[in-house]
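Below is one structure, written out as structure tokens, with a few remarks after it.
The values are calculated or read from the model by the stated rules, or taken from the named source; none is laboratory data. What you see is a predicted model; the values in this text were computed from it and never measured. Because the Cβ atoms are built from the backbone with ideal geometry, glycine has one as well, and the counts that use them run over all protein chains shown. Note: areas computed on protein heavy atoms with side chains; ligands, DNA, RNA excluded. Shrake-Rupley method; radii C 1.70, N 1.55, O 1.52, S 1.80 Å.
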Amino acid sequence: MSTVKIDYSKKTGKIKVMHAVNNGPVVAGKEQTRGNEWSYKAARIPYARVHDASFFAGYGGEHTVDVHAIFPDFDADVNDPNSYDFACTDLYISQIIEYGTKPFYRLGSKIEHGVKKYGTIMPSDFQKWAEICEHIIMHYNEGWANGYKYNIEYWEIWNEPDIDPDGATNKKCWSGNEADYIRFYITASRHLKSCFPHLKIGGPASVGDESFMERFLQAISNEGNVPLDFFSWHWYWTEPSDVSIKGTRIKRLLEKYGFGDVESILNEWNYVRSWTKEFVYSIKQVISMKGAAFAAAVMSACQNNPDIDMLMYYDARPTGFNGLWDMYTYEELKGYYAFYTYANLFELGTQVQSSSDDENVYIVAAKNGEKTGAMITYYTENDNENSKYITVDVSGCDMSKAKIYLIDENNTYTPYTKTPFIDNTLEIRLERNSIIYIEA
């Protein structure tokens, strides 16, 4: 039998933002009355990165977010409001904010898989591109061009410049080479930070190539005076512990080059066993209970790792990577309740000491005054594993009136009443890939 221990008398730190996502709600229209805006709000998602928003017509499609969509004629006057088309992005950003989430703005373009590229072509003038972005920030934060004062904090420079190696053809995210991107990042980050010293400017939204990360960090360290308020990276995998271990390796790289205090943000992640022969299997798992348990386990593992500051799940946009809402009906999937449950912990705010003696059982516990909560997840990559019994031993809190909620193949945040806590101990059988939330 596996054992989980929780001590609510011992505080260990803050509950971190592990439940941010990519992209915002789908707001129901007057004719096609499908939407997830209210369940999105109920999930209490703290940040939404707006990468790949332009794939979805409901957000505004090709006219949304991307720099080349907002400033379609690169030869136009950067200072003229008429050079910019903010209409669709204005609506999309306003809807993210309206339903309780802060935008995390990726400057650049969505990934482009087609034979011809449009937004991922390396800008011909790095300085002008930076000045265009300056005006986009002015529009959303300072009211320029009939804009807003949203105080959007995070501004990310490009996406996955390292997804294809130098010399590759049909490059999906950055048409230039590695050295080009580094020069581009230096130019853009310096300009934007000089204009907005109070905002967080960062990148590079690495695909996860640690050799690229090291060369990038070494180059900007050698250059000197290059802003890097956050370091963003991506990782798709099947083992939550490996995601956490990768985060630690990345933190050591940041420290090696003098960026130890920089936020490390994993802002694309999800379950993927393989991008080739097992990709269909992977997508099926993303929208299943296994995908939900994986998400909860990753959030738990990374909450317990001080080397990772924020997670942003990919993706809340209607797509095969969305394990929170069905991409056709926008009804909640099992994964939604993993994020809903973690949001409970985030609202409590203070993490307390907890442990598990089983590598496949993950635990995060939190409190706020007399209120307590714990999320326990049984996740395994092995589809032949069985259910298992676990013992939950609690100290520092009276559990006699605890409430237990169960999320598995047959239960969706369902109150569990079969076996209560006895002398602050609970024995419960968990199905493979399941989550329980305990509050007292």
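Worth pointing out:
- The string of couplings for the range 415-432 from the Karplus curve (6.51, -1.76, 1.60, θ = phi - 60°) is x, 10, 10, 5, 10, x, 5, 10, 6, 6, 10, 10, 10, 9, 9, 10, 5, 4 Hz, one whole number per residue in order, with x for Gly and Pro.
- Helix-only [θ]222 nm of the chain, DSSP H runs n ≥ 4, -39500 (n - 2.57) each, per residue, nearest 500: -9000 deg cm²/dmol
- Sites listed here are trypsin sites (Lys or Arg not before Pro) in the range 57-123 whose DSSP assignment is loop and whose Cβ has at most 10 other Cβ atoms within 10 Å: Lys116.
- Relative contact order (percent, whole number), the chain, Cα cutoff 8 Å, 6+ residue spacing: 19
- Ranked by how many other beta carbons lie within 10 Å on average, peptides 222-228, 91-97 from highest: 91-97, 222-228
- Each listed q (0.12 Å⁻¹) maps to a log10 I(q)/I(0) for the range 237-353 from the Debye sum over equal C-alpha point scatterers, namely -0.47.
- Here is the size of the range 151-247 from its Cα atoms: Rg then Dmax, 14.1, 41 Å.
- On Cα atoms only, tilt of 334-348 relative to the major axis of the chain in degrees: 90
- Here the Karplus curve 6.51 cos²θ - 1.76 cosθ + 1.60, taken at θ = phi - 60°, turns the phi angles of the range 174-182 into couplings of 8, 6, x, 9, 5, 5, 4, 5, 4 Hz, with x standing for Gly and Pro.
- Amide proton proximity set for Trp144, modelled H, under 5 Å, gap of 5+: His139
- Descending principal axes extents, the chain, alpha-carbon based, whole Å: 72, 55, 46
- Taking the centroid of alpha carbons for each part, the range 371-393 and the range 60-118 are 42 Å apart.
- Interchain or long-range residues, amide H under 5 Å from Val4's placed H: Thr391, Val392, Asp393
- P(r), alpha carbons of the range 277-433 - 5 Å bins starting at zero, rounded %: 2, 8, 17, 21, 22, 15, 9, 4, 2, 0, 0
- For the range 151-251, relative contact order (Cα pairs under 8 Å, six or more residues apart, normalised by length) works out to 30 percent.
- Cβ-based net charge around Ile435, under 13 Å, with every Lys or Arg adding one and every Asp or Glu removing one: 0
- Here's how it looks for Arg44: its modeled amide H is under 5 Å from none belonging to a residue 5 or more places away or on a different chain.
- Cα gyration tensor category, rounded, prolate or oblate, for the range 334-389 with a/c compared to 1.5: oblate
- Gap separating the Cα centres of the range 1-26 and the range 144-163, nearest whole Å: 28
- Out of every Cα-Cα pair that the range 76-220 contains, those further apart than 25 angstrom amount to 31 percent.
- Classified by the C-alpha gyration tensor, the range 63-134 has an oblate form. Its axis ratio a/c, with a ≥ b ≥ c, is 1.5 or above, and a/b does not exceed b/c.
- Its Cα gyration tensor gives the range 358-440 an equivalent ellipsoid, and the semi-axes of that ellipsoid, as √(5λ) in whole Å with the largest first, are 22, 13, 12.
- Apportionment of accessible area to carbon and sulfur, the range 225-328, percent (1.4 Å): 56
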